[in-house]
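Here's the structure we're looking at; comments come further down.
The values are calculated or read from the model by the stated rules, or taken from the named source; none is laboratory data. Everything numeric in this text was worked out from a predicted model, so none of it was measured. Here the Cβ is made from the backbone with ideal geometry for all residues, glycine too, and neighbour counts use every protein chain on show. Areas reflect the complete protein model, heavy atoms only, side chains present, ligands, DNA and RNA absent. Shrake-Rupley method; radii C 1.70, N 1.55, O 1.52, S 1.80 Å.
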Amino acid sequence: MNYLWNVLIVIGGFVMMEATAWFTHKYIMHGFMWRWHKSHHEPRVGRFEKNDLFGICFAVVSASLIITGSLESPFDWRFYLGFGILLYGVAYFLVHDVFVHQRLPWLKHTNTTYFKAMRFAHKVHHKVNVKDGAEAFGFLFVSKKYLDKYRQNKKA
Ligand SMILES: [Zn+2]
Ligand SMILES: [Zn+2]
């Protein structure tokens with residue numbers, strides 16, 4: 001039973017992070033923290049961008065939970081929640097930074113409609129390179145709206 005709970009906490013942490021990423025992107029990054037996020041809407045100079053600091057913030061939260069949770073025996077919920085956040089961070093990095101933005105030369109091609117629609121939705125987000133007026137703030141979860149838009153776009 002405990003085992004099942006732990007798995008649910010990991011999954012819960014992962015899903016919660018997509019909602020958190022959406023909220024943070026829409027209201028904080030394109031809000032009062034635009035000064036960090038702006039760098040992600042401009043051509044990158046060098047290997048890193050100021051926007052990467054957001055990733056570090058989430059990594060600190062995840063690491064703190066993993067460390068404090070693993071001091072208990074057996075590991076408590078904090079460990080599993082932190083682990084869910086870590087998995088989301090890895091998925092986000094691979095899909096957003098590698099697949100979509102090609103910061104590393106991997107995962108260039110896919111035949112999966114879902115991933116293509118995800119990339120399309122994120123490109124829609126990047127069409128607006130100022131603080132206000134952007135759309136499509138989510139990431140791993142692609143809403144029906146963008147799946148449909150992607151399909152129409154492909155036909156056109
Ligand atoms: Zn943005
Ligand atoms: Zn992006």
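The magnitude of the dipole of the stretch 57-139, with charges of +1 and -1 set on the Cβ of Lys/Arg and Asp/Glu and taken from the Cα centre, is near 480 debye.
A simple charge model with +1 on the Cβ of Lys and Arg, -1 on the Cβ of Asp and Glu and nothing else charged puts the dipole of the chain at about 940 debye relative to its Cα centre. Figure note: Leu53, Leu65, Leu71 ranked by solvent-accessible area, largest first, 1.4 Å probe, ligands and nucleic acids not counted: Leu71, Leu53, Leu65.
Just reorder Lys116, Lys127 by solvent-accessible area, largest first, 1.4 Å probe, all chains present. Walk me through the numbers on the way to the answer.
Details: Lys116 60, Lys127 160 Å².
Descending order: Lys127, Lys116.
How many angstrom lie between the Cα centre of the stretch 46-79 and the Cα centre of the stretch 131-156? First find each Cα centre; the distance between them is then 30 Å.
Accessible area of Arg44 (1.4 Å probe, protein heavy atoms only, ligands and nucleic acids ignored): about 90 Å². Toward the positive end of the charge dipole of the stretch 2-155, with +1 on the Cβ of Lys and Arg and -1 on the Cβ of Asp and Glu, the farthest Cα among Gly82, His109, Met17 is that of His109. log10 I(q)/I(0), Debye, Cα-only the chain, no solvent, q = 0.13, 0.17 Å⁻¹? Ignoring solvent entirely, the Cα scatterers give -0.69, -1.07. Computed on protein heavy atoms with a 1.4 Å probe, the accessible areas place Tyr27, Tyr146, Tyr3 in the order Tyr3, Tyr27, Tyr146, largest first. Tell me whether the stretch 19-59 comes out rounded, prolate or oblate; compute the Cα gyration tensor, take square roots of the eigenvalues as a ≥ b ≥ c, and use a/c under 1.5 as the rounded threshold. Verdict is oblate for the stretch 19-59. Restricting the stretch 78-139 to chymotrypsin sites (Phe, Trp or Tyr not before Pro) that sit in a DSSP loop and have at most 14 other Cβ atoms within 10 Å of their own Cβ leaves Trp106. Applying the Karplus relation 6.51 cos²θ - 1.76 cosθ + 1.60 with θ = phi - 60° to the stretch 13-18 yields 3J(HN,Hα) values of x, 5, 5, 4, 5, 5 Hz, where x marks Gly and Pro.
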